[in-house]
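Beneath this line is the structure, given in C-alpha cells, with notes to follow.
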Amino acid sequence: MDKAQKAIKLFKHLQETQGGLDPDKKALLVKFIRPQFHLAREIEEITTELKEIEEVLKNTKRGRVMVAGIVRPGVKIAIGSSIFYVRNEIHYICFTREREEIKISPYQ
C-alpha cells in the first residue's frame with residue numbers, strides 16, 4: 001500500500017508540474033487509486049467491528065483464561081475491564097474474573 005501511495009503522489013506531482021498526464025500514465029494513476037478507496041472502506045469497517053468487539057469485552061461480567069502451558073512474567077491478562085499483571089512464571093493456570101478482580105486457580 002505504501003508503494004501505491006508513493007506512485008499516486010508521483011503521478012499527481014507530474015500532473016501538476018506538466019499540466020497533465022499522457023493516457024498511459026492516467027491509466028496507471030487510476031489503477032493505483034481505485035484499490036485505495038476499497039482498502040480505506042475495508043479498514044473503516046474493520047475498525048468499527050473492532051470497536052464493537054472491544055465494547056462487548058469491556059462490559060463482560062464473567063470471563064476465563066485457561067493456560068495449558070507457561071505464562072511468563074510481564075504478561076498482562078485482561079478480562080473485561082479487569083487487568084492482572086503476571087510477575088512470576090506460572091504453569092497450568094486458570095485466570096477467572098470475579099467481582100471486578102481476576103482470581104487465579106489451578107488449570108482443570
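Data overview
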{"read-out": "Which numbered condition Ala78 misses (of (1) within 27 Å of Arg99 (Cβ to Cβ); (2) not assigned by TED's automatic domain parsing to the domain that holds Arg99; (3) not hydroxyl-bearing (Ser, Thr, Tyr))", "value": "(2)"}
{"read-out": "Total residues in region 87-103, condition in a loop (DSSP other than H, G, I, E, B) and charged (D, E, K, R)", "value": "4"}
{"read-out": "Elements of type strands (runs of 3 or more DSSP E) contained in region 1-86, each with 3 or more residues being in contact with a Lys or Arg (Cβ under 9 Å, 6 or more places away or on another chain) and surrounded by 10 or more Cβ atoms within 10 Å (Cβ to Cβ)", "value": "82-85"}
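The values are calculated or read from the model by the stated rules, or taken from the named source; none is laboratory data. Fair warning: this is a prediction, and the values are worked out from it, not measured in the lab. Virtual Cβ from ideal backbone geometry, glycine too; neighbours counted across all protein chains shown.
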